Amino acid sequence: MSEQVTGRQESAVDYPPEPWDLTGTGAITTWRVPVVALPPLPSGVRPAVWRGTALVTTAFVRYDERGLMAYDELLAAVLVRHGRGVALSITDIWVDSPTSVAGGRGHWGIPKDLATFGERYAETSDGPIAEASFSSRRGPDLRLPLPLRGSVVQTLDGATKASPIRASGTVRLATARWDVADTGPLAWLRAGRPGVSLLAQDFSMRFGS
């Protein structure tokens, strides 16, 4: 069962300064979700809408010992318009590292909570969140020619904060099947439809400034 790290517990956990340099592997799926089904977003941003739907990304990620920290993660993020550009806003995220929970909340306002992980499976003490299976499709691995640069927009101390992110690595097209718990915290995804899926065979990421 998972332990919640909030309030006074969170402030007692030490965490590394930013930026965080992380490496690992990931399994990613994009979704089209009706705007009316989305959870709340930070003030100052709005979902990037196409025919009444927003683009959402879900991912199981395993960070390894080559980077700053090693831990498992499940997240959902919405593509949003921020200023003149676009960014991601993380609405739901779980990890199995109290240090990552405290740092994500303290540095960037990312609403991390603790969960227990299996092989692309996550649950909290309240029950299952989601499970996914991925199969790589035929074709070559695609190495990103340049680091992808973007930003993640969250609410920190009552203000909207945009944090830079840069990632590079190798990806492969995949097929995926998600089982999202119908009474769990990601149940809002069930109103949408999954689209493109990718396996990130090996990636590196710098988060923060």
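The values are calculated or read from the model by the stated rules, or taken from the named source; none is laboratory data. Values in this document were obtained by computation on a predicted structure and should not be read as measured data. Every residue, glycine as well, gets a Cβ built from its backbone with ideal geometry; the counts of neighbours run over all protein chains shown. Areas reflect the complete protein model, heavy atoms only, side chains present, ligands, DNA and RNA absent. Shrake-Rupley method; radii C 1.70, N 1.55, O 1.52, S 1.80 Å.
Summary of computed values
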item: 1.4 Å probe accessible area per residue over the chain, in Å²; result: 52 Å²
item: Percent of C-alpha pairs per 5 Å bin, the chain, short to long; result: 1, 7, 14, 20, 21, 20, 12, 4, 1, 0
item: Solvent exposure, largest accessible area first (probe 1.4 Å, DNA, RNA and ligands not counted), of Ile90, Ile165; result: Ile165, Ile90
item: Karplus-derived HN-Hα couplings along region 24-30 (A = 6.51, B = -1.76, C = 1.60, θ = phi - 60°), whole Hz, x at Gly and Pro; result: x, 10, x, 10, 10, 9, 9
item: Selection from Ser43, Thr91, Leu68, by position along the positive dipole direction of region 40-102 (Cβ); result: Ser43
item: Surface share of carbon and sulfur [accessible, 1.4 angstrom probe, percent] for the chain; result: 51 percent
item: Neighbourhood net charge (11 Å Cβ-Cβ; Lys/Arg +1, Asp/Glu -1) for Ser151; result: +3
item: Test item: Cα-centred dipole of region 138-209, Lys/Arg +1 and Asp/Glu -1 on Cβ, debye; result: 260 debye
item: Centre separation in Å (Cα based) which lies between region 61-113 and region 121-145; result: 16 Å
item: Charge sum, other residues only, whose C-beta stays under 13 Å from Ile28's C-beta, Lys/Arg counted +1 and Asp/Glu -1; result: +2
item: Charge dipole (debye, nearest 20) of region 70-200; +1 at Cβ of Lys and Arg, -1 at Cβ of Asp and Glu; result: 900 debye
item: Net charge dipole size for region 104-180 [Lys, Arg +1 and Asp, Glu -1 on Cβ; Debye, nearest 20]; result: 580 debye
item: Computed log₁₀ I(q)/I(0) - Debye formula, equal Cα scatterers, no solvent, region 94-209, q 0.10, 0.13, 0.15 Å⁻¹; result: -0.40, -0.69, -0.93
item: Computed helical MRE - 222 nm, the chain, DSSP H runs ≥ 4 contributing -39500 (n - 2.57), nearest 500; result: -2000 deg cm²/dmol
item: Taking the C-alpha atoms of region 118-180, convex hull volume expressed per residue in Å³; result: 134 Å³
